[in-house]
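Report on the following structure.
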Amino acid sequence: MIGAVTTDLALVAVGAAIPARILTNEEISQRVETDDAWIRERTGIGERRIATAEESVTTLAIQAARQAVERGDIAPGSIDLVVAATASPERSFPSIAALVADDIGAHSAGAVDMLAACAGFAYALSYAVGQIAAGFAETVLVIGTETLSRITDWDDRGTCILFGDGAGAVIIKAGAAPDQELVVVELGADGSKGDDLRGDLTDRDGSGVDRNIRMNGSAVYRFATQVIVDSATRVLEAGQRTHSDIDLFVPHQANLRIIESGVKRLGFPPERVLITLDQYGNTSSASIPLCLDHAWRTGRLQPGQRLLMMGLGGGLAWGTCLIRWMGRGA
Ligand code: COA
């Protein structure tokens, strides 16, 4: 599906939780047969963060949410809805979102988690956009939070080099932009390719529960290189924009080669593309807000900028959003 709505909603704040523990490529190469040069050349990843035993998808989400609320000077009681996306849930319920809402004091908010793997944040953001555009909500907290290290097979060199932990949160508000313009969302999924990237929660075929990420790397690679271009092109068209109207492109942080080929075909100059996978690896649903947090801290995120943001992966699903940033500078 693709939709465009004329609205004055915008992103107004971002926060992050970045675990302190760094896992380098060298450390991984002590466990499986790989090396720093191979990982950097094939993926662009230099290191990733790993949650400690005390950290969880919930604690990371709370940390990121607290920071977004503080940076945006948001009254917690004014938050109408909390949506948390994750590909590495610890449990079915209570939701991460409900625990975050309680912690930050968003006592009149609805709360729900979303499972759409690496597209989760984009799906959660699109839900927030829809609720605001329909007039059901004015202020929404959207979170992407992951402890992928806990569902990684550390003996599988095809996947263990890729993933990292962390969380990011944004606040999206009605009436934040000075004028109305098109906000665009595309959501897609191709379940026929679902087994190319999966993580089980239950014993689905009676052979024991394998919660670890299982991936057909080259199939996902082909899917990603195609969808990054196709989805971005459709969203720009629906928003009546070209690549030169986009101030920052936030592609899914899975593999630098996928990003570079997409960016080249789309025509974005490199200085308008956010990259953090060299530091954080693929953090799935946390990728987009972690990029925004990095851009905010380094002064690249400025009020009025148009952001084109994309998440893609397990499903195989994708989500792309064209939306404005109206938050304060760092
Ligand atoms: N270190 C060294 N060699 C490795 C390796 C590693 N960590 N992982 C795989 N290899 C080997 C393979 O075994 C294979 O060896 P062979 O030719 O002797 O069989 C060779 O490298 C090439 O494997 P291939 O899978 O074709 O590599 P690739 O260039 O496709 O890179 C990925 C592998 C995983 C980096 C790449 O497929 C990828 O990024 N896929 C998409 C991942 C993605 O986006 N996932 C998440 C979406 S959210």
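Each reported figure results from applying straightforward, stated rules to the coordinates on display, with no laboratory input. Nothing here was measured: the structure is a model prediction, and the numbers come from that model. Reconstructed Cβ throughout: ideal geometry from the backbone, glycine too, with neighbour counts over all protein chains shown.
Residue 35 versus residue 115, label points 7 Å from Cα toward the beta carbon: distance in nm?
That separation, rounded to one decimal, is 4.1 nm.
Given q = 0.07, 0.10, 0.15 Å⁻¹, what are the Debye log10 I(q)/I(0) values for the chain, with equal point scatterers placed on the Cα positions and solvent ignored?
At q = 0.07, 0.10, 0.15 Å⁻¹ the computed log10 ratios are -0.24, -0.51, -1.21.
For the chain, what are the DSSP H helices with axial Cα length of 24 Å or more and mean Kyte-Doolittle hydropathy of at least 0.0? Before the final figure, lay out each step's value.
Numbers: long enough: 217-238 (31 Å, 0.50).
Length and hydropathy pass: 217-238.
Compute the FRET efficiency between residue 78 and residue 219 as 1/(1 + (r/R0)^6), taking r as their Cβ-Cβ distance and R0 = 56 Å, and round to the nearest 0.05.
FRET efficiency, residue 78 to residue 219: 0.80.
Would you calculate, for the chain, the mean residue ellipticity at 222 nm contributed by helices, counting each DSSP H stretch of 4 or more residues as -39,500 (n - 2.57) and dividing by all residues, to the nearest 500?
-9000 deg cm²/dmol
Quick check: net charge around residue 60, other residues with Cβ under 9 Å of its Cβ, Lys/Arg +1 and Asp/Glu -1? Spell out each step's value before the answer.
On the way: positive: none; negative: 55, 146, 165.
Neighbour charge sum, excluding residue 60 itself: -3.
Using 0.36 nm per residue, how much length does the chain from residue 20 to residue 154 gain when fully extended, once their Cα-Cα distance is taken away?
Details: separation 134, 0.36 × 134 = 48.24 nm, distance 1.97 nm.
Computed gain between residue 20 and residue 154 is 46.3 nm.
Which far-off residues, 5 or more places away or on another chain, put their amide H under 5 Å from the one on residue 113, with H placed in the peptide plane?
84, 97
At residue 207 and residue 93, where each label point lies 7 Å from the Cα along Cα→Cβ, what is the point-to-point distance in nanometres?
About 3.2 nm separates the two model spin labels.
So how far, in whole Å, is the C-alpha centre of segment 245-273 from the one of segment 117-182?
So the separation of the two Cα centres works out to 19 Å.
Considering only DSSP states other than H, G, I, E and B, which GluC sites (Glu not before Pro) in segment 60-159 qualify as loop sites with at most 15 other Cβ atoms within 10 Å?
Loop-located and lightly packed - 90.
Quick one: Cα centre-to-centre distance for segment 78-98 and segment 8-52, in angstrom?
Spelled out, the Cα-based centre of one part sits 23 Å from the other.
If you filter segment 1-102 for trypsin sites (Lys or Arg not before Pro), then keep DSSP loop positions with at most 14 other Cβ within 10 Å, what is left?
Filter output for segment 1-102: 31, 91.
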